[in-house]
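See below for the structure under consideration.
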Amino acid sequence: MNVFAVSCVVMAFTAPLACASAVYVNSDAWNFFSDNELKDRGAIAAAIDADVDFYVDAGATAVFYNLNAQRALFGSKTATPLWKDVSVGEDGRPLLRGKPFVTDQDGSRFLAMANRAHRVSELMPDFIARRYARCRARGVEMWHSMRMNDIHYTYLGSEWIPLHSDMWLDRKDLLRAWYRHSWRGEWRDNGFDYAKKEVLDAHLALMREYLLEYESDGIELDWMRCVPLFAPGHDESNAHVLTQFMRETRKTASEAAAKWGHPVKIAVRVPARVREAYGVGMDIATWAREGLVDVVVPSPRDTSTEMDCDVALYRAICPRPIVLAPDVDYCCRSSDDKRYFLPFSADIDRGFVSGWYHDGADAAYLYNHFPRHAKERHDGYPAYIASLGDREALARMPRRHVFTSHAPIGEGEFPSSPYWNAVWRNCCNGCVKVNCGEGVSGRRAVVVIGAKTSLDVDVIVNSVKCAPVSLDTVCHKDLPEAKEGDALCYVAAVVPPGVLHDGWNGVEIFNRGPVDLKSRDFVWLEVKL
């Protein structure tokens, strides 16, 4: 690492606590058009205002509104509108180009979304302007969030649903790996290849339409919906393609700023790991050096938040004033077994954000945190959103720091367990690290570990043995439950005061049991403050 990079890392770790930071929220178009009836102009206006107010009242400082997958959920001049070529057959089944949707259940859902989006476009063609005006009146920024390669539902048998654009339906030669399309195909194989001029031009046109036709405070290029972006084996060699896209976006944002009379910024959603960003063609350092980005959002591949996000490394290559805002997503899991996860909560979200502040982040960013979740939760959502932007207060709050697994996003990489490879009987075998954030010194903490096998272990934190304690005595009930065929065992231990410190802490176990513990045995690990 060069001297410049080292200095950036040092600055990140020694920056003083700030009283307030930005809180960015990404609002999914599917969420808006699925959860609101939108029957007439009055209902549309009320739904738009309520959606803005939900996040503003919760403490958001900017809302990134998504309005496209492959198709656009507005009357786009450059992308295929969601409702194009959608009809209903004589038997009542929804059709796309005369072909039935993949299933009745999906068909009904997508048909309803297409009809609602069409109704909004017809009854209130200026609905984006109304949304911007509402955000402006409430004192928050409104950004466009453009999904760059959204390929939901492109697995075998789902080719005919109205999420797929005309270009995707008609030009399979433009897809990155259509030759893999088989019964075991990964749906990401079927995304567009940005090395193809037609693909690049189509997305450039949509980006320009967003910025120049609809006033906003910025645009987020959501490169994580979805990666990879090039044909297998051609990722790094095509990095110049994405860099040129970023240059064109900066140029267009400057045109938009001149047209609208205020700054128009650029955000990018990129992989949580720096090496993986480069592995899919994202030359983040060049983007930063050339001033092509204002906000960088390191993000997981899917909806599972990752504690081990390369915040310090991103800080090194994206020095301030670039805003670093890692993504807190819908859930988190502490195992490669995807059955064992917990949805977002106040304590879990605070744990992730506090850890990232310690490593150099500037702001909080929420993805897949929808208004409908407020009805499901009992932890103060959405009111706790504001706390994520108050770094100083967050350092004093109760938090859960969950040790998470990682889902690789590029070609040629395979998942690996985050846990100890093996802990043989009557021994230790190294430590795993948990980022405990800020304001840790002197606080009482509990370590919780869960496994699919019996655990007879001593828990050791930062080389200090911790006293075992019953889960009931620490009132810790919100944990993943055993799935079919498994019988989970949880152990907990109290960390003595003064043992934990800010940032990264090491957790070990000494296996007193008669059998070896394998990495695949473990399903959960967290430090609760």
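For the reader, a short list of remarks on this structure follows.
- So residue 194, is it in a loop (DSSP other than H, G, I, E, B), surrounded by 17 or more Cβ atoms within 10 Å (Cβ to Cβ) and aromatic (Phe, Trp, Tyr): yes
- The residues in region 59-118 that are among the aliphatic types (A, V, I, L, M), under 22 Å from residue 38 (Cα atoms) and touching a helix residue (DSSP H, G or I) at 6+ places or on another chain (Cβ under 6 Å) can be counted, and the count is 7.
- Only residues that are more than 14 Å from residue 351 (Cα to Cα) and either in contact (Cβ under 8 Å) with a residue 12 or more places away in the chain or in contact with a Lys or Arg (Cβ under 8 Å, 6 or more places away or on another chain) (or both) were counted across region 377-411, and they come to 14.
- Of note, residue 318 satisfies the criterion of being more than 27 Å from residue 371 (Cβ to Cβ), buried (at least 21 other Cβ atoms within 10 Å of the Cβ) and touching a strand residue (DSSP E or B) at 6+ places or on another chain (Cβ under 8 Å).
- A single member of 395, 363 is more than 17 Å from residue 26 (Cβ to Cβ) and either surrounded by fewer than 23 Cβ atoms within 10 Å (Cβ to Cβ) or under 18 Å from the mean Cα position of the chain (by Cα) (or both), and it is 395.
- Failed item in (1) more than 24 Å from residue 21 (Cβ to Cβ); (2) open to solvent by 20 Å² or more (accessible area, probe 1.4 Å); (3) at pLDDT 90 or above; (4) of a type outside the set (Lys, Arg), with residue 405 passing the rest: (2)
- Where residue 254 falls short, out of the listed (1) among the polar types (S, T, N, Q); (2) out of contact with any Leu (no Cβ under 9 Å at 6 or more places or on another chain); (3) open to solvent by less than 10 Å² (accessible area, probe 1.4 Å): (3)
- There is at least one residue in region 476-496 that is in contact (Cβ under 8 Å) with a residue 40 or more places away in the chain, of a type in the set (Gly, Ala, Ser), farther than 20 Å from residue 333 by Cα and crowded, with 20+ Cβ neighbours inside 10 Å.
- The criterion of at least 1 residues that are more than 25 Å from residue 269 (Cβ to Cβ) and in contact with a strand residue (DSSP E or B) (Cβ under 7 Å, 6 or more places away or on another chain) is met by the following helices (runs of 4 or more DSSP H) wholly inside region 92-180: 104-123.
The values are calculated or read from the model by the stated rules, or taken from the named source; none is laboratory data. Since the structure is predicted, the reported quantities are computational estimates derived from the model, not experimental observations. Glycine gets a Cβ as well: all are built from the backbone with ideal geometry, and neighbour counts include every protein chain shown. Areas reflect the complete protein model, heavy atoms only, side chains present, ligands, DNA and RNA absent. Shrake-Rupley method; radii C 1.70, N 1.55, O 1.52, S 1.80 Å.
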